[in-house]
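Notes to accompany the following structure.
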Amino acid sequence: MSNHQATLYTGRGAELYHAVVQSDSSELREIIHSLRGKDPRILELAAGSGRITLALLPFARSITAVDNSAELLSILQDELARPDRRRTASKVETVLADILALELDEIFDCVVLGTTSFCLFDADQRRSLLTDIRRWLAPGGELLLSLRTPELGGSNFYLHEVSPQLAIEETFDAVGRTFTSTLVERSGDGQRIAEYSVTTHLLTEGELRDELGAAGLAVTGAVDVGPRNRLGAIGNYKLFRAHAPARDTIGGTANV
Ligand SMILES: C[S@@+](CC[C@H](N)C(=O)[O-])C[C@H]1O[C@@H](n2cnc3c(N)ncnc32)[C@H](O)[C@@H]1O
């Protein structure tokens, strides 16, 4: 193999990641259902190459799309520059930044954190991120967050064949409660050329509800969202809706 373990979101990994996810419509219908008719100012965290961003464009007043992968954001920027998107592309601001160290002065009607990206972070990082999200939400604002809810059976290895040239291998570490997902690139004769990996944490639905509650976000719904065309059985997702209080009482003072 020419490239042993590269990350999934940079360089060639980002290119292949985009190729694999761009036609994936998981979560989109449910997110749009939640936003339709509200003309919201949206903050999309971990926006990547814009799988969700582009689908939300017709329903948003504005979208601030944040990601720390320059390669994935540049794919989104190229998409936004297409002539047929000229009318709506100005609604989107792309921000290259670490969402765990993000400075934002604005507030938003909706924060979207899709594709189970919340599980990229450990417990301390998630706590800090939810505190920030609560701060970025307008009073009564909505967080839409998806969580992978896999059925963990006897096996701790899963293989998803994407095409003769690409496969996704996943290993579950029951002790560390992590998944490592590896996109395997193969040559025409089936040899492994390279691997691009990402590790995510397993978080149960109950744990997520507790973390949202601890951040002062009230869960108001949870719906099953997949897989739709997410490469067969890559795992079911649930989309959680949680709301900031209508009257914000951070610091003890009502701030409507
Ligand atoms: C599972 S992908 C989801 C991308 C996109 N939402 C989609 O559906 O294709 C996770 C994304 O999180 C981004 N990411 C990971 N850690 C990040 C961080 N600390 N700050 C900003 N983005 C991050 C990656 O670059 C990647 O684009």
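Restricting to helices (runs of 4 or more DSSP H) lying wholly in segment 51-163: which have 2 or more residues that are among the acidic types (Asp, Glu) and within 15 Å of the ligand (Cβ to nearest atom)?
Result: 70-80, 123-136.
Which one of the conditions (1) part of a loop (DSSP other than H, G, I, E, B); (2) in contact (Cβ under 8 Å) with a residue 60 or more places away in the chain; (3) of a type outside the set (Lys, Arg) does Ala47 fail to meet, given that it meets all the rest?
Looking at each condition in turn, Ala47 falls short on (2).
Would you pick out the residues in segment 63-76 that are surrounded by fewer than 17 Cβ atoms within 10 Å (Cβ to Cβ) and of a type outside the set (A, V, I, L, M)?
Matches in segment 63-76: Ser74 only.
Search segment 108-131 for residues that are within 14 Å of Ala242 (Cα to Cα) and in contact (Cβ under 8 Å) with a residue 24 or more places away in the chain and pair each with any residue that is among the β-branched types (Val, Ile, Thr) and near the ligand (Cβ under 8 Å from one of its atoms) when their beta-carbon atoms are under 6 Å apart and the residues are at least 6 apart or on different chains.
What qualifies is Gly114/Ile52.
Applying the selection to segment 242-251, what residues are at pLDDT 75 or above and surrounded by fewer than 21 Cβ atoms within 10 Å (Cβ to Cβ)?
Listed by number, the residues that qualify are His243, Pro245, Ala246, Arg247.
Taking the residues in segment 13-30 that are farther than 23 Å from Lys238 by Cβ, more than 8 Å from the ligand (Cβ to nearest atom) and out of contact with any strand residue (DSSP E or B) (no Cβ under 7 Å at 6 or more places or on another chain) as candidates, determine which candidate is modelled with the lowest pLDDT.
Ala19
For Arg148, are the conditions met, namely being among the charged types (D, E, K, R), farther than 17 Å from Ile52 by Cβ and in contact with a helix residue (DSSP H, G or I) (Cβ under 8 Å, 6 or more places away or on another chain)?
no
Per-residue answers, yes or no, for (1) surrounded by fewer than 13 Cβ atoms within 10 Å (Cβ to Cβ); (2) under 18 Å from the mean Cα position of the chain (by Cα); (3) at pLDDT 90 or above; (4) among the aromatic types (Phe, Trp, Tyr):
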{"residue": "Pro139", "(1), (2), (3), (4)": "no, no, yes, no"}
{"residue": "Leu144", "(1), (2), (3), (4)": "no, yes, yes, no"}
{"residue": "Arg148", "(1), (2), (3), (4)": "no, yes, no, no"}
{"residue": "Ser155", "(1), (2), (3), (4)": "yes, no, no, no"}
{"residue": "Thr180", "(1), (2), (3), (4)": "no, yes, yes, no"}
{"residue": "Val198", "(1), (2), (3), (4)": "no, yes, yes, no"}
{"residue": "Leu202", "(1), (2), (3), (4)": "no, yes, yes, no"}
{"residue": "Gly206", "(1), (2), (3), (4)": "yes, no, yes, no"}
{"residue": "Leu212", "(1), (2), (3), (4)": "no, yes, yes, no"}
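The values are calculated or read from the model by the stated rules, or taken from the named source; none is laboratory data. Please read these numbers as outputs of a predicted model, since none were measured by experiment. Don't worry about glycine lacking a Cβ; one is built from the backbone with ideal geometry, like all the others, and counts go over all protein chains shown.
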